[in-house]
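Student: Once you've had a glance at the structure underneath, I'll fire off some questions.
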Amino acid sequence: MSRIRTTASAATVAAVLAACLGCGGGSPGGGAGTSADADGATPMEMWIFGELHGVLYEQMADRWNELHPDRAIDLRLTVYPYQDMHNKLQLAANSGAGMPDLADIEVTKFANFVRGDDPPLMDLSAAAEPYREDVVEARLDLYSRGDAVYGYPTHVGAFVTFYNTELLEEAGIDYSTIVTWDDFAAAGAEYHAATGRAFGTANTDVFFVEPLVIAQHGGELFAEDGTVQVDSPEVVRSFEMMQDMVETGAIAPIPGSSPDDEEAYGSIARGDFAAIVYPAWYTSRFVDYMPDLAGKVAIAPAPVVAGSDTLTIGGGGTGTAVAAGSPVRDLAAEWLAFAKLSPEANVAVWEVLGFDPVNMAVWEDEEVTRDPDNQFNQYFTTNLFDVLNQVKDGIEHFESFGSPDLPAVNSRFGTVTLTEIYESGVPAREALEQAQRELKNELRQG
């Protein structure tokens, strides 16, 4: 049993969910309380901002009720616009009243809800135990503080590379020989010389690929005491490497300023770029927005810095949490672990959302990973799970993604620094030293 409510500004969401779920309306607001419905199901209020996540949660609520009829839940979903939901949730957390029982929290916002010694979120460690052995630990780490797990991940978001094999074959380039960033840079320069087009992308409004390179260099954006360090040797080295690729034509700014933009989809579909380094969830963007490239795109591991043990990191994400003050917190935590961490849930994450599942047991299930009817398996010339299994021992946690000051860094880089380095030609070191000064001032770390 479940109910769904969308806000007026999310009409599209309502249409999507109505088509998939056929549910009625629920009441927004604070926790659902402990009183059961007439049929004995326990009401649970949940706030989300991603429409398709609701489809997954509804499926998992229905499946839970089939397996546990004596502990059935009545999931009452409310879909808010991204910023509205986080603002509303923050106000409820600050006031100590009005929190829903469960909520999706985007990764860059999560640190705001786990500050101090008494966060408003429940420690979910115990509920995770039945699945923890198979779950990518780096993604649990992202939503943990000390030994406490405060959120469950939705996907790994492992960085991979999407290669347009048709374009590369025409240029005489074998993507399977690209292992390191040096290989990527050399192939990119060769491709640019042969075609006049860029090989990969330089993204100017989203600070996303660079953290992968920084992590592979052994760096972080913040020091151990939490102070910003965007001009550290590792960060400078990473950006100098990227800037060198811009100068050789191996990478270039993409229309729309990032691959995840409508203008960029058109550019990639036209063949303006041959290699996209992005998280594995970008599979859905190809399938949904670039259908004409079906059968022409291969998925391969992301390039690595030579000698690094970090093969990839997770990019983006949503941590789902349970309110510490929820009167149904124990049942909510148990259901949430089932809905986010179980093999059954992670099959749905792949089949419904096209995301790389956090439960690695799914990666070995060939009935799922090699299903010939799966739209993602049909689209790509290589299998995503082959790539994930190839890099699984090198998926690392980038500590900086958990910093409460990450939004300030993202904002500075996405509005100023990336454009300076990739479009204006400001030397990377100079641009980063300026960013460091301004961020220290903004964050009052001076």
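The values are calculated or read from the model by the stated rules, or taken from the named source; none is laboratory data. This one's a predicted model, so the numbers in the text were calculated from it and none came from an experiment. Note that each Cβ is placed from the backbone with ideal geometry, even for glycine, and that neighbours are counted across all protein chains shown.
Student: Of a type in the set (D, E), more than 20 Å from V206 (Cα to Cα) and in contact with an Asp or Glu (Cβ under 9 Å, 6 or more places away or on another chain) - does that describe any residue in the range 314-330? Lay out the reasoning, then the answer.
Tutor: Residues of the range 314-330 of a type in the set (D, E): 330.
Subset that is more than 20 Å from V206 (Cα to Cα): 330.
Okay, now just the ones that are also in contact with an Asp or Glu (Cβ under 9 Å, 6 or more places away or on another chain), so none.
No: zero hits.
Student: Within the range 136-155, is there a residue that is at positive phi, surrounded by fewer than 24 Cβ atoms within 10 Å (Cβ to Cβ) and not assigned by TED's automatic domain parsing to the domain that holds P211? It would help to see each step written out before you state the result.
Tutor: Taking the range 136-155 and keeping what is at positive phi, we get 146.
Now drop any that are not surrounded by fewer than 24 Cβ atoms within 10 Å (Cβ to Cβ), which leaves 146.
From what's left, not assigned by TED's automatic domain parsing to the domain that holds P211: 146.
Yes, the conditions are met somewhere in the range 136-155.
Student: Looking only at residues in the range 401-412 that are within 19 Å of R444 (Cβ to Cβ) and buried (at least 20 other Cβ atoms within 10 Å of the Cβ), which one is modelled with the lowest pLDDT?
Tutor: Per the criteria, the residue is L406.
Student: Would you check if there is a residue in the range 358-375 being touching a residue at least 12 places away in the same chain (Cβ under 8 Å) and under 16 Å from the mean Cα position of the chain (by Cα)?
Tutor: Yes.
Student: Continuing with this model, one more query. Which numbered condition in (1) assigned to a helix (DSSP H, G or I); (2) buried (at least 21 other Cβ atoms within 10 Å of the Cβ) is the only one that T201 fails?
Tutor: In the conditions (1) assigned to a helix (DSSP H, G or I); (2) buried (at least 21 other Cβ atoms within 10 Å of the Cβ), T201 misses (1) alone.
Student: Just checking, which of A36, A19 is in the same structural domain as A348 (by TED's automatic domain parsing), out of contact with any Phe, Trp or Tyr (no Cβ under 9 Å at 6 or more places or on another chain), at pLDDT below 95 and under 25 Å from H155 (Cβ atoms)? Full working, then the answer.
Tutor: Working: A36 fails: under 25 Å from H155 (Cβ atoms).
When all the criteria are applied, what remains is A19.
Student: Right, here's the next one. Which one of these is in the same structural domain as P120 (by TED's automatic domain parsing), in contact with a helix residue (DSSP H, G or I) (Cβ under 8 Å, 6 or more places away or on another chain) and not aromatic (F, W, Y): T283, T320? Working first, answer last.
Tutor: Details: T283 fails: in the same structural domain as P120 (by TED's automatic domain parsing).
Selected residue: T320, the only one of T283, T320 that is in the same structural domain as P120 (by TED's automatic domain parsing), in contact with a helix residue (DSSP H, G or I) (Cβ under 8 Å, 6 or more places away or on another chain) and not aromatic (F, W, Y).
Student: Take the range 244-281 and flag every residue that is of a type outside the set (D, E), assigned to a helix (DSSP H, G or I) and surrounded by fewer than 21 Cβ atoms within 10 Å (Cβ to Cβ).
Tutor: First, pick out the residues of the range 244-281 that are of a type outside the set (D, E): 245-246, 248-259, 264-271, 273-281.
Those left that are additionally assigned to a helix (DSSP H, G or I): 245-246, 248, 264-269, 280-281.
Scanning the range 244-281 gives V246, T248, Y265, G266, S267, A269.
Student: Additional query: I'd like the full set of residues that are farther than 10 Å from V160 by Cβ, out of contact with any Phe, Trp or Tyr (no Cβ under 6 Å at 6 or more places or on another chain) and not in a loop (DSSP other than H, G, I, E, B), limited to the range 380-389.
Tutor: D386
Student: What about V349, is it in contact with a Leu (Cβ under 8 Å, 6 or more places away or on another chain), modelled with pLDDT under 95 and buried (at least 20 other Cβ atoms within 10 Å of the Cβ)? Show your work before the answer.
Tutor: Working: in contact with a Leu (Cβ under 8 Å, 6 or more places away or on another chain): yes; modelled with pLDDT under 95: yes; buried (at least 20 other Cβ atoms within 10 Å of the Cβ): yes.
Criteria met by V349.
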